[in-house]
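*Asks:* Have a look at this one before I ask anything.
Every number here is computed from the coordinates shown, using simple stated rules; none is lab data. Keep in mind that what you see is a predicted model, and the values were worked out from it rather than measured. Neighbour counts are summed over all protein chains in view; Cβ atoms, including those assigned to glycine, are modelled from backbone coordinates with ideal geometry.
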Amino acid sequence: MVIPQRVLSLTGAGPDFGRIAASYDRLRPADESWRELLDVLVAEGDLAGRRVLDVGCGTGRLTLALAERGSRAWGVDLSEEMLAEARARVGGRAAFKRASAAALPFKDGWFERAVLRLVVHLVDRTRALPEVARVLGPGGRAVIATFRPEHFERFWLNPWFPSIPAIDGLRFPEPGRLTDELRAAGFEEVRVRPLSQRRRTTRAEALERIRGRFISTLQLVPEEEFREGLEQAARELPEEVEYALEWAIVVAERR
């Protein structure tokens, strides 16, 4: 199995979220699992009513949900296309800036809370995590949603795209490593809460998501593998697809 070289280097090209900005929310709907995860993030991060930074905000769905819960929310993202979707969705209920997680355009201690949902595998954590710590004031808290290793071992797309576990095994830090990185970045207390979700989708919805490359990993698999995997999935997917989401909710606090 050949892993694309751009996956192996922090300086290489990453996924292009601009190309999927217009279809992102349709292919990743705010379903029951999304709402459950939102409730966990708000509770574990103590986000409601706080001054919150949504790092890697994408189309602003989470940013808006926080604003609706009384938070004063800001979002940052590198993709202009994703930010355009976010601004259209949110209007004036939250603020957005184009910025890298490694160079946040805010003063020290500007926020009470920060949230990173499916972001830590996309950034240079040696620079981004200290930046998150910097913009959080005393008693600040960051809450991170990422996936545990078992998520990739049993991921429902693996039979048709066999390079996915290796690619995402390189990208996603396992919780113990992420805990060490957060402590090195200036967070004194770190804890991890697992969250398992079981979901179902239809064959038609699954194929639409694959064709739209609804996860960034599908931009990183070799093109030949993607074409062959899509054709095979179209032949073999059952009418109802059952799958699991194995989350790690990581909470890091500054004293």
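*Asks:* What ranking, highest mean first, results for peptides 148-161, 231-244 when packing means the other Cβ atoms within 10 Å averaged over each residue?
*Replies:* 148-161, 231-244
*Asks:* Whole Å is fine, so just give me how far the alpha carbon centre of the range 81-101 lies from that of the range 231-255.
*Replies:* 26
*Asks:* Give the separation of the Cα centroids, the range 31-47 to the range 121-196, in Å.
*Replies:* Going from one Cα centre to the other spans 17 Å.
*Asks:* Based on the alpha carbon coordinates of the range 1-151, what radius of gyration and maximum Cα-Cα distance (Dmax) apply, in Å?
*Replies:* 15.2, 48
*Asks:* Before rounding to the nearest 500, sum -39500 (n - 2.57) across all DSSP H runs of length at least 4 in the chain and divide by the residue total; then give [θ] at 222 nm in deg cm²/dmol.
*Replies:* -11000 deg cm²/dmol
*Asks:* Restricting the calculation to Cα positions, tell me the Rg (one decimal) and the Dmax (whole number) of the range 125-255 in Å.
*Replies:* 17.7, 55
*Asks:* Counting only DSSP beta bridges with both residues in the range 5-253, what percent are antiparallel, rounded to the nearest 5? Before the final figure, lay out each step's value.
*Replies:* On the way: 21 of 39 bridges.
Once the DSSP bridges in the range 5-253 are tallied, antiparallel ones form about 55 percent.
*Asks:* For the range 36-81, report the translational diffusion coefficient in µm²/s to the nearest whole number, using Stokes-Einstein at 10 °C, 1.306 mPa s, and a Kirkwood Rh over Cα pairs.
*Replies:* Result for D is 150 µm²/s.
*Asks:* Let me see the pair-distance distribution of the chain: every alpha carbon pair, 5 Å bin width, integer percents in order.
*Replies:* Once binned at 5 Å, the Cα pair distances of the chain give 1, 6, 13, 17, 20, 18, 13, 7, 3, 1, 0, 0.
*Asks:* Sticking with this one: Based on the Cβ-Cβ distance from Asp124 to Arg227, what FRET efficiency comes out when R0 is 35 Å, to the nearest 0.05?
*Replies:* Computed FRET efficiency for Asp124 and Arg227: 0.65.
*Asks:* Taking the Cα of Asp16, stepping 7 Å toward and past its beta carbon, and measuring to each backbone N in the range 206-226: which are under 19 Å?
*Replies:* Residues passing the 19 Å test: 210-226.
*Asks:* What order do you get for 73-85, 123-135 when each peptide is scored by the mean count of other beta carbon atoms within 10 Å, highest first?
*Replies:* Ranking the peptides 73-85, 123-135 by packing returns 73-85, 123-135.
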